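Take a look at the structure set out below.
The values are calculated or read from the model by the stated rules, or taken from the named source; none is laboratory data. In this text the structure is predicted, and so the values were computed from the model without any measurement. Here the Cβ positions follow ideal geometry from the backbone for every residue, glycine too, while neighbour counts run over all protein chains shown.
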Amino acid sequence: MGKMNINFKHILPLLSSFFISGCDSDGISKVKSFVYYDIDDSMTVGKAFDTRSDCINGTWSEKEDNRGRTIVTYTCDISESGLKIINSAIMQEPEDKAEYSITQNNNSIKSTNESLEEYKQKTPLVEKTKEVIIDHIRKLNSAFNEDPMIYSKLTISPYLDRMLYLKDHNDNALNEICGGYEYIQSADSYSWRDVSEEYAKESCEKHIYKVYQSFKKNASPLITKNFPGFYERVPPCENADECIKKTNIYFDDNFLNIYKRSQDRAPQIISDLKKHNIEIGEKLNDCRKKLNISDAKLTYYWFVTDTGGVDYLDGVLTYNFQEKNRAENFHKQLLQYAYINYSKNQIPRDFVTSIKNSIYYKIEDCTKF
């Protein structure tokens with residue numbers, strides 16, 4: 001049987017001159033009894049369409065154009081479950097993106113709260129360590145000044161360095177710490193001649209060793225375990241004031257000020273993230289309304305020729321989207337779907353794909369959170 005190649009867009013003007021027939025006329029009977037052997041030779045068109053579950057409330061009509069040609073039309077409604085499938089598929093990407101954004105925000109809130117708790121726990125340790133170090137720097141400065149020969153002829157710099165570089169795991173660090181040569185070699189080339197290596201050692205053991213010992217016991221464990229960067233950032237320094245200044249800078253800039261800034265900003269950060277989650281939920285609900293399709297129908301058209309032949313013209317999926325009627329053409333492919341045994345909760349995947357592609361940019365707008 002020859003096929004008439006008629007484009008669907010030329011059919012609509014013809015229909016304005018048609019007369020609707022309410023009875024199961026000769027043309028309708030011919031279409032319903034027709035068998036598409038290339039699709040399914042076990043069913044007539046009528047049986048295929050009347051027993052399908054993906055499209056319901058089917059109606060047949062017959063019209064005649066101004067040239068006396070008969071066009072048979074079949075229209076049915078996409079089922080409620082089918083509409084839910086389509087609308088659910090449309091919202092899948094926006095919902096996934098929304099869930100991802102909310103999860104990210106919640107993770108950030110959790111991370112911020114955990115950081116606050118961590119800073120709350122660490123702050124006393126930082127303050128204590130800084131206080132202990134500065135206290136020992138001052139004690140060393142006082143001990144250095146106890147011996148007039150030492151403070152007038154030598155410099156405090158090597159004493160400070162030896163103390164501040166003491167590490168907790170070095171058990172032998174105090175054994176030779178008062179060796180005199182290191183202290184006198186740093187002095188002015190003329191001044192150190194008045195201080196022998198032996199005298200420097202004895203003076204160190206008498207006045208300064210106890211400060212070294214206390215630092216090794218009370219400060220080194222705190223530094224070595226918790227603040228190893230101290231050894232690279234603070235010593236060496238020329239005098240006690242410089243060491244105190246560098247110690248304050250190290251602990252304030254790297255810890256305490258960061259903790260304080262984070263604590264100051266945290267309430268606003270958490271508030272903004274929670275607000276964003278609410279905005280995401282509101283936008284998602286708005287998108288469910290904006291992207292919802294309704295009144296989805298399938299419409300099929302056949303020519304019934306003068307010789308009794310049946311020619312399939314076209315098939316179209318129509319639906320309402322944002323108060324406008326839209327159409328997706330499927331041609332003969334739409335006819336084939338009528339013969340597939342879908343369950344009540346199934347529809348052709350191409351319906352979903354075609355609609356999603358048609359409103360892609362609308363969907364995309366609803367994925368930006």
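Worth pointing out:
- At least 2 residues being more than 35 Å from the chain's Cα centre (by Cα) is the threshold, and among the helices (runs of 4 or more DSSP H) wholly inside region 284-369 those reaching it are 332-337.
- Region 23-44: number of residues that are free of Cβ contacts under 8 Å to residues at least 40 places away in the same chain, in a helix (DSSP H, G or I) and in contact with a helix residue (DSSP H, G or I) (Cβ under 7 Å, 6 or more places away or on another chain): 1
- Screening region 41-83 for residues that are over 18 Å from T305 (Cβ atoms) and among the basic types (K, R) and picking the one that is surrounded by the most Cβ atoms within 10 Å (Cβ to Cβ) gives R52.
- Residue count for region 143-189, restricted to those that are more than 52 Å from the chain's Cα centre (by Cα) and either in a loop (DSSP other than H, G, I, E, B) or outside the structural domain of T129 (by TED's automatic domain parsing) (or both): 17
- Note on region 216-259: residues that are more than 21 Å from L140 (Cβ to Cβ) and outside any helix (DSSP H, G or I) total 2.
- Looking at I109, I133, just one residue is crowded, with 19+ Cβ neighbours inside 10 Å and β-branched (V, I, T), and that residue is I133.
- Residues that are in contact with a helix residue (DSSP H, G or I) (Cβ under 9 Å, 6 or more places away or on another chain) and more than 16 Å from C76 (Cβ to Cβ) within region 313-332 comprise L313, F321, Q322, R326, N329, H331, listed in sequence order.
- Some residue of region 128-136 being out of contact with any strand residue (DSSP E or B) (no Cβ under 9 Å at 6 or more places or on another chain), under 29 Å from I244 (Cβ atoms) and part of a loop (DSSP other than H, G, I, E, B): no
- One residue alone among V211, V126, V195 is among the β-branched types (V, I, T) and under 50 Å from the mean Cα position of the chain (by Cα), and that residue is V126.
- Test: residue in region 229-243 that is more than 53 Å from the chain's Cα centre (by Cα) and among the charged types (D, E, K, R): no
- The number of residues in region 347-364 being out of contact with any Gly (no Cβ under 8 Å at 6 or more places or on another chain) and either within 13 Å of S79 (Cβ to Cβ) or touching a residue at least 12 places away in the same chain (Cβ under 8 Å) (or both) comes to 10.
- Those residues of region 226-245 which are more than 21 Å from Y151 (Cβ to Cβ) and not hydrophobic (A, V, I, L, M, F, W, C), in sequence order: N226, P228, G229, Y231, E232, R233
- Any chance Q268 is surrounded by fewer than 14 Cβ atoms within 10 Å (Cβ to Cβ), assigned by TED's automatic domain parsing to the domain that holds K153, under 30 Å from P94 (Cα atoms) and not acidic (D, E): yes
- Inclusion of G281 among residues that are more than 39 Å from the chain's Cα centre (by Cα) and either more than 30 Å from R162 (Cβ to Cβ) or part of a strand (DSSP E or B) (or both) is not warranted.
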